[in-house]
1. Residue check, PHE64 against (1) in contact with a helix residue (DSSP H, G or I) (Cβ under 6 Å, 6 or more places away or on another chain); (2) at pLDDT below 80; (3) more than 26 Å from ALA175 (Cβ to Cβ), all met but one. Which one?
2. Pull up the stretch 173-202, narrow it to residues that are open to solvent by less than 50 Å² (accessible area, probe 1.4 Å) and under 15 Å from the mean Cα position of the chain (by Cα), then point me to the one that is nearest to ILE155 (Cα to Cα).
3. Report, by residue number, each residue of the stretch 67-92 that is at pLDDT 75 or above and either open to solvent by 80 Å² or more (accessible area, probe 1.4 Å) or among the hydroxyl-bearing types (Ser, Thr, Tyr) (or both).
4. One residue is enough: does the stretch 98-117 have a residue meeting the conditions of a type in the set (D, E, K, R) and open to solvent by less than 40 Å² (accessible area, probe 1.4 Å)?
5. Just to be sure before I move on: is PHE64 touching a Pro at 6+ places or on another chain (Cβ under 6 Å) and either more than 26 Å from ASP24 (Cβ to Cβ) or among the acidic types (Asp, Glu) (or both) in the structure I sent?
6. Please work out if ALA95 is open to solvent by less than 40 Å² (accessible area, probe 1.4 Å), among the hydrophobic types (A, V, I, L, M, F, W, C), part of a loop (DSSP other than H, G, I, E, B) and under 21 Å from LYS173 (Cα atoms).
7. Any residue that is small (Gly, Ala, Ser) and touching an Asp or Glu at 6+ places or on another chain (Cβ under 9 Å) - is there at least one of those in the stretch 89-112?
Amino acid sequence: MAYNYRVVYKETVETLEAVCELYDVDNSELTMKVIALGAGILVLVMMFIYGDPGGGTVPGLLFFLVKYLIAWAALGALALLINRTVWRKAVQATAVGDAEEMYRYRKAKNGEAVVSQIDFYEDRFESVTKIKARAFEYGQVLRLLESERGFGLVIKRDKDTLGSPRAMIGFPKEALVDADMEELKGFLLERCPEVKGKVKKL
């Protein structure tokens with residue numbers, strides 16, 4: 001069966017950096033959300049245990065909860081803003097180190113620099129290297145990620161697979177062969193029901 005779109009690239013520190021940046025930035029944003037959620041719940045519980053929010057009256061308690069939820073939402077928005085601006089540089093620096101480590105590991109494991117290929121078919125996509133090939137259904141795709149240099153598909157792994165229940169198949173945009181990224185994005189949005197018609201910009 002002929003593929004619809006193909007990605008091919010030789011792994012170098014530079015090409016892997018584009019992929020690692022996708023993973024690190026997305027992971028950083030998810031971490032910020034978890035921290036903001038957990039901190040908000042903890043502070044609220046502590047205030048009820050050790051304080052007297054609302055002065056013990058129902059109207060006072062309702063007013064307190066409204067103010068608290070507004071402040072909590074503002075704090076979460078501020079955390080995400082910091083993550084997308086100031087903290088982003090630190091995450092990008094981490095991606096450089098991750099790419100260098102991944103390149104050394106994969107080259108040592110394979111005996112040479114890896115050539116990665118991703119083929120997108122009507123009903124599935126396949127990630128292929130010299131020693132390994134994996135096929136995924138579009139229904140496994142949870143999110144589509146896009147940065148200035150890279151594009152990634154966050155997938156739900158099989159229940160029997162050890163490790164994280166999620167993985168990412170990513171590639172530098174320049175590795176797309178004889179096609180336009182907008183075309184590929186449209187193709188994937190039509191076939192990945194879990195992404196709900198959205199590509200997450202990083």
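The values are calculated or read from the model by the stated rules, or taken from the named source; none is laboratory data. Computed from a predicted structure; not experimentally measured. Backbone-built Cβ (ideal geometry, glycine too); neighbour counts: all protein chains shown. Note: areas computed on protein heavy atoms with side chains; ligands, DNA, RNA excluded. Shrake-Rupley method; radii C 1.70, N 1.55, O 1.52, S 1.80 Å.
1. (2)
2. Of everything passing the filter in the stretch 173-202, VAL195 is nearest to ILE155 (Cα to Cα).
3. Of the stretch 67-92, the ones at pLDDT 75 or above are 67-78, 81.
Listed by number, the residues that qualify are LYS67, TYR68, LEU69, ILE70, LEU75, LEU78, LEU81.
4. Filtering the stretch 98-117 for residues of a type in the set (D, E, K, R) gives 98, 100-101, 104, 106-107, 109, 112.
Among the residues that remain, those that are also open to solvent by less than 40 Å² (accessible area, probe 1.4 Å) are: none.
No, the stretch 98-117 contains no residue that is of a type in the set (D, E, K, R) and open to solvent by less than 40 Å² (accessible area, probe 1.4 Å).
5. Working: touching a Pro at 6+ places or on another chain (Cβ under 6 Å): yes; either more than 26 Å from ASP24 (Cβ to Cβ) or among the acidic types (Asp, Glu) (or both): yes.
Yes; evaluated as a whole, the condition is true for this residue.
6. On the way: open to solvent by less than 40 Å² (accessible area, probe 1.4 Å): yes; among the hydrophobic types (A, V, I, L, M, F, W, C): yes; part of a loop (DSSP other than H, G, I, E, B): no; under 21 Å from LYS173 (Cα atoms): yes.
Judged against the criteria, ALA95 is not a match.
7. As a first pass, look at the stretch 89-112 and keep what is small (Gly, Ala, Ser): 90, 93, 95, 97, 99, 108, 111.
Remaining after also requiring touching an Asp or Glu at 6+ places or on another chain (Cβ under 9 Å): 95, 99.
Yes, the stretch 89-112 contains at least one residue that is small (Gly, Ala, Ser) and touching an Asp or Glu at 6+ places or on another chain (Cβ under 9 Å).
The rows are residues; the columns are (1) assigned to a loop (DSSP other than H, G, I, E, B); (2) more than 20 Å from TYR23 (Cα to Cα).
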| residue | (1), (2) |
| --- | --- |
| GLU112 | yes, yes |
| ASP119 | no, yes |
| GLU126 | no, no |
| PHE136 | no, no |
| LEU153 | no, no |
| GLY186 | no, yes |
